[in-house]
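Below: the structure, in structure tokens.
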Amino acid sequence: MNNILVLGAGYTGMMAATGIARRTTAAAVTLLNPTAVFNERLRQHQAAVGQDLGAHSIPDLVAPAGVRFVQGRAARIDADARRVPLDDGRELAYDLLVYAVGSATPATPHAFTVDDPAFAEALRANADGVLTVCGAGLTGIEAAAEAAETYPGLKVRLLSRGAPGTMMGPKARAYLTAALDRLGVEVRTGTAVARVLPGAVELEGGERLPTDVTLWTTGVAYSRLAADAGIAVDPDGRVATDAALRSTSHPEVFAIGDAAAIRQAYGTVHGTCQSGIPSAAHTAESVVRLLRGKAPRPFRFGYVHQPVSLGRKDAVIQFTRPDDTPGRWYLTGRAAVAYKEAVSSSPLKFYRARTAIPARMTGRTGGRRNPVPAR
Ligand SMILES: Cc1cc2nc3c(=O)[nH]c(=O)nc-3n(C[C@H](O)[C@H](O)[C@H](O)COP(=O)(O)OP(=O)(O)OC[C@H]3O[C@@H](n4cnc5c(N)ncnc54)[C@H](O)[C@@H]3O)c2cc1C
């Protein structure tokens, strides 16, 4: 029962592994990840344009908590034998598995994603050219702003079906629009991309926009590991979870972060670090409860904010209701930059903390607006 394997050392796997190990010495916690350097996805748009974020070693971060780190990639999950074969032939066994393999932006021919290190090089080589960003979700907005600020000679074009920031209230959205305009980002709304070609983006309707570099930011791809193992997944491939974040088909598997379909009273939680960290801290507490013969408690989460950076000198934070609809309050300018920086740096502080961070300190439950969903 006490052999715990955490798959994936993103924000949530790191939080779960260190959280379990700091709460109990009765468990042997192993954390598996393909790289030994932690990927700060909250700052991916900064790394994507070539900013040096420094390298944080996963083994150095988790060793003080007593977590064993294994560098490698899970090739599959043998859910019956409770073993995970790696793609190099090694194998890891588990009693309890924490599934935290995250998500990625799907690859599109002739376009980069923010995860692609070659994007920074392409930008540098085309600093006076044209960058076309496909998709004006938060990643597209943040990447477009960052690129425009870093390369003033670059013409940045942001293509979007709807207006950027549609999820925000009108005032925060107006601020965001003005900031993109100030940075010289050309926003084209009402556009749907048909395909990306070498040197051009073709819109539905046939118009071709010449481009030197194209960044693709829309869509989400989920790992097939769980589905291929016969673990119940939702239509997108995220692990279907019960109220306590255990797999509905395999109770010895917990699923957290982007890779989990987490249901709340207002709907399924969409992948954010904001929701992922509380799901991981909650799972750490649940695993320890199980080891002590107690039942895990239901997970409740309510959103707090939509933080959007607009280059290094500006940002806008829309505060939200628990169901992620915009509230009255928003923050802009320097105060928003400081807020966003506090948000982005807090996970590393959690991993380095000497004691486990209580789950209730990592997120909002949503109170009476968000009762535990019926099964
Ligand atoms: C540019 C950008 C900005 C963002 N800004 C915000 C923000 O301001 N606020 C916010 O709340 N969220 C933000 N997000 C979303 C946030 O980054 C994700 O929700 C978060 O990273 C999810 O964490 P995770 O641990 O579930 O997955 P991930 O961070 O994706 O980590 C998954 C880990 O699993 C590993 N893995 C995958 N497959 C395997 C395998 N087969 N074997 C072993 N390991 C594997 C991966 O290598 C990775 O290390 C942003 C995302 C991006 C891209």
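Key figures for this structure:
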| read-out | value |
| --- | --- |
| Most positive-pole-ward Cα, Pro358, Leu92, Ala120, against dipole of the chain from beta carbon charges | Pro358 |
| Glu202 paired with Asp323, simple spin-label distance in nm, labels 7 Å along Cα-to-beta-carbon | 4.1 nm |
| Alpha carbon centroid spacing (whole Å) that separates region 92-152 from region 341-374 | 26 Å |
| Furthest towards positive pole of dipole, Leu215, Thr191, Gly102, structure part the chain, Cβ charges | Gly102 |
| DSSP-defined beta bridges in the chain - what % are antiparallel, rounded to 5 | 50 percent |
| Apportionment of accessible area to carbon and sulfur, the chain, percent (1.4 Å) | 51 percent |
| Unit charges on C-beta of K, R, D, E only; dipole of region 118-216, Debye | 280 debye |
| Heavy-atom surface of region 118-216, accessible at 1.4 Å and reported per residue (Å²) | 42 Å² |
| Residue among Ile4, Phe299, Gly271 farthest towards the positive dipole end of the chain, charges placed on Cβ | Phe299 |
| Dmax and Rg, reported as Rg then Dmax, of region 1-66 (C-alpha, Å) | 13.4, 45 |
| Amide N proximity, region 276-290 versus Arg360 label position 7 Å along Cα-to-Cβ, cut-off under 15 Å | 282, 285-286 |
| Separation of alpha-carbon centers, region 32-56 and region 183-224, rounded to whole Å | 25 Å |
| Cα→Cβ-extended label distance, 7 Å offset, between Arg182 and Ala107, nm | 3.9 nm |
| Eligible lysines near Lys340 by straight Cα distance, threshold 21 Å, same-chain separation 8 or greater | Lys171, Lys313, Lys349 |
| Computed [θ] at 222 nm, helices only, for the chain once each DSSP H run of length n ≥ 4 contributes -39500 (n - 2.57) | -8000 deg cm²/dmol |
| Shape metrics for region 118-216, restricted to C-alpha atoms - Rg then Dmax, Å | 13.0, 38 |
| Lys349-Ala163 pseudo-label distance in nm [points 7 Å out on the Cα-to-Cβ vector] | 3.5 nm |
| Order by protection proxy (mean Cβ within 10 Å, highest first), peptides 303-315, 5-17, 349-361 | 5-17, 303-315, 349-361 |
| Kirkwood-type radius of the chain, with distances r between different C-alpha atoms, in Å | 21.5 Å |
| Cβ charges +1 (Lys, Arg) and -1 (Asp, Glu), total dipole of the chain, debye | 1700 debye |
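The values are calculated or read from the model by the stated rules, or taken from the named source; none is laboratory data. Small disclaimer: the values here were computed from a predicted structure and weren't measured. Ideal geometry is used to build each Cβ from the backbone, glycine not excepted, and the neighbour counts take in all protein chains shown. The area values use the complete protein model at the heavy-atom level, side chains included, leaving out ligands, DNA and RNA. Shrake-Rupley method; radii C 1.70, N 1.55, O 1.52, S 1.80 Å.
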